[in-house]
Amino acid sequence: MDQRQLVEQARGGDHDAFASLVHGSVARLDTAARLILRDAELARDAVQDGLFRAWRDLRSLRDPDRFDAWLHRLVVNACLDVARRRRRRPIEIHVAEMPSRPAADHADWLVQREAVAAVLRRLDDRGRAIVVMHYYLGMPLTEVAAVLGIPAGTVKSRLHRALGEMRAGFAADQAAVAAPLPEGTVA
Amino acid sequence: MNGDRQFERNLPGILTDLGAGPAPDYTDLLLARTGGSRQRPAWVFPERWLPMDTVARPAASTRLPSLRLVALVGSALLLVGAIVAIALVAGSRRELPPAFGLAGNGLVAWADEGRIVVADPVARTSQVIATDSADRPRFSPDGTRLAWLRKTPRIDIVVANADGTSPVVVTAESMIGLRFFEWSPDGRSLVVTDSRNRILRFDAARPSEPTVVVAEGDRDIGGDWNNQVASIFRPPDGRQIAYLGLVRGAEALMVANADGTSAQAIVAPGGDLRYLDLLWPSWSPDGSTIAFTAAAPETPDLFHAYLVNADGTGLRRLAAHPENPSDGMPVWSPVGKSIAMQRWYETPDGVDVRPITIVDVASGEVREVGPVSINGFLSYGWSPDGRSIIYAPDATHEVLVVDVATGNVVETGLTAGSGLSWQRVAR
């Protein structure tokens, strides 16, 4: 049974079909929520809220082929709702596990990763949501703009700025890595 | 340009790495929740639908015995046992502190990686009393019992004696997304907010279904990591509660009877205060005033502390500053003369997090005590005797006690992973 059929059945009240849809999407949604909220427990709350709304409001979805996009919107809105309500601490430091990458591009990957992480830390919740929606969830800019209720041009400029900062951070770190050590320095 | 494109192509993978974590373990829980819920019919959109699958029964009204009566019959009550309203530590005969105001300093409890730790900050000794995915312990107002959350990942409330013995799970059905929780002043019940933004009351003595006190509130009454902040029961008798509810779809500060009836908004949209968000309502120990924080629509991340009288009059800003810092988690001292809070300033170079800030409520005078913590404070709260503040900086988690008068800091040598709860004992 393909996803469209699952959605149609779930829309008709078939909870098992909905469960299949959940199992197929929850990991990705959980990652997206973690990126936006930078807190695993809040992310869990947001994803559960979003999926609960998805079950409750599934009959409002006219086109079953739009299920993924619709679900992404619900979860992102749930994240922003959680973010709006939470005021945890002045600064948050999130330490993620280091990934395993092929040795050949390991150094570049790590530098890029750190550049992205640094920019995400500086962005506010909506800024992170923009980056995550477009680059992680694959939502087009118009859809990102619709979710946030802002013009597409604003989304574009914020994305452009964030990407620019990431590239600048990556380039600076790459230059630092490439610089030769002074003679006599122990590496 | 090729490098830029390559970077952009790598970005989804990088984000995947950054956001990766353990596989979600809450799917079954979620599906249990949706499986028990109805879908909205297609014709109702976009109207809101409120689920009401719990029969609301008003909590039995209780009158607290007067303090004089407690003093006169205290010894006799200690001999009665299980039918007495307040559970006792087995075999002990001791005075109990009043539910509000000054008390003696007892032990301190916190959670650390799923364990409940009870410690003596003076003797610098500690003991683990629970190990089953436990979190956020909170002593009862009389100091005889300890409640905590068990997260597996469903959430249950466990109530035990103050030394951890005789634990009882008081949630007949495990919960999802439990956020705020607090003891009632008489120690008979626990009030929580759940993922559906309801305020629920549980019997603190036995497993039972909760009573819905407020059907439409805000679960973020207080921070989930700092149990000392936000107290919804109005002193001295706890017959009223303050909470965050909804008025015309927008958040409002409400005061109601303890069973949720006769609710009135004392800070609401369209009033004297323009706000987007409210947090952390907390009664003064004399029950006359509520402290809370609010963020303006133009600056949703910037919260300021306010005070308002219980009837909604006298709204005023607490300790305004020309550099416009953000205020967090205002906590009343036990006698109500001071409020401790967390304050930080946004600067071009970053965030300037200040030491714990103490405000004299009458004069507005502000001073700081203790060291700076780069990420602020995991938890803090006044000692029951009002002389100290116990706190754990986020950076180190070390439990510190600062003398409010002198600023002297005592390092306990202990570390905490969550909110700190200080046991109140008779003076």
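The values are calculated or read from the model by the stated rules, or taken from the named source; none is laboratory data. In this text the structure is predicted, and so the values were computed from the model without any measurement. All Cβ positions, glycine included, derive from the backbone under ideal geometry; neighbour counts span all protein chains shown. Note: areas computed on protein heavy atoms with side chains; ligands, DNA, RNA excluded. Shrake-Rupley method; radii C 1.70, N 1.55, O 1.52, S 1.80 Å.
Structural remarks
Conditions tested, residue by residue: (1) closer than 30 Å to residue B:264 by Cβ; (2) out of contact with any Phe, Trp or Tyr (no Cβ under 8 Å at 6 or more places or on another chain).
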{"site": "B:288", "(1), (2)": "yes, yes"}
{"site": "B:297", "(1), (2)": "yes, no"}
{"site": "B:320", "(1), (2)": "yes, yes"}
{"site": "B:337", "(1), (2)": "yes, yes"}
{"site": "B:342", "(1), (2)": "yes, no"}
{"site": "B:351", "(1), (2)": "no, no"}
{"site": "B:359", "(1), (2)": "yes, yes"}
{"site": "B:363", "(1), (2)": "no, yes"}
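- All strands (runs of 3 or more DSSP E) inside the range B:95-134 with 3 or more residues being farther than 18 Å from residue B:380 by Cα: B:125-130
- Of B:150, B:138, all but one fail to be open to solvent by 10 Å² or more (accessible area, probe 1.4 Å) and farther than 23 Å from residue B:30 by Cα; the exception is B:138.
- Residue A:6 under 29 Å from residue A:123 (Cα atoms) and hydrophobic (A, V, I, L, M, F, W, C): no
- Checked against (1) on the phi > 0 side of the Ramachandran plot; (2) open to solvent by 20 Å² or more (accessible area, probe 1.4 Å), residue B:329 passes all but a single condition, namely (2).
Every residue, every condition in (1) crowded, with 20+ Cβ neighbours inside 10 Å; (2) more than 18 Å from the chain's Cα centre (by Cα); (3) part of a loop (DSSP other than H, G, I, E, B), yes or no:
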site	(1), (2), (3)
B:341	yes, no, no
B:357	yes, yes, no
B:380	yes, no, no
B:384	yes, no, yes
B:390	yes, no, no
B:405	no, yes, yes
B:412	yes, yes, no
B:417	no, no, yes
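- The single condition among (1) more than 10 Å from chain B (Cβ to nearest Cβ); (2) crowded, with 24+ Cβ neighbours inside 10 Å; (3) at pLDDT below 90 that residue A:45 does not meet is (1).
- Answer residue from the range B:359-378, given it is part of a loop (DSSP other than H, G, I, E, B) and open to solvent by less than 50 Å² (accessible area, probe 1.4 Å) and is modelled with the lowest pLDDT among those: B:375
- Selection from the range B:142-164 of residues that are modelled with pLDDT under 95 and among the polar types (S, T, N, Q): B:152
- Residues being in contact (Cβ under 8 Å) with a residue 60 or more places away in the chain and more than 14 Å from chain A (Cβ to nearest Cβ) - total across the range B:290-331: 2
- Within the range A:31-87, the residues that satisfy the criterion of being free of Cβ contacts under 8 Å to residues at least 40 places away in the same chain and not in a helix (DSSP H, G or I) are A:57, A:62, A:63, A:87.
- Qualifying residues in the range A:21-42 (those that are surrounded by fewer than 18 Cβ atoms within 10 Å (Cβ to Cβ) and more than 7 Å from every other protein chain (Cβ to nearest Cβ)) - the one farthest from residue A:65 (Cα to Cα): A:41
- Taken over the range A:129-150, the residue count meeting the criterion of being at the interface with chain B (Cβ under 10 Å from one of its Cβ atoms) and either assigned to a helix (DSSP H, G or I) or more than 18 Å from residue A:32 (Cβ to Cβ) (or both) is 5.
- Residue that is most open to solvent (accessible area, probe 1.4 Å), among those in the range A:151-171 that are away from chain B (no Cβ under 14 Å) and of a type in the set (A, V, I, L, M, F, W, C): A:152
- Boolean, residue B:134 is among the small types (Gly, Ala, Ser) and more than 19 Å from the chain's Cα centre (by Cα): no
- Whichever residue in the range A:4-20 is facing chain B (nearest Cβ under 10 Å) and part of a helix (DSSP H, G or I) and, among such residues, is most open to solvent (accessible area, probe 1.4 Å): A:16
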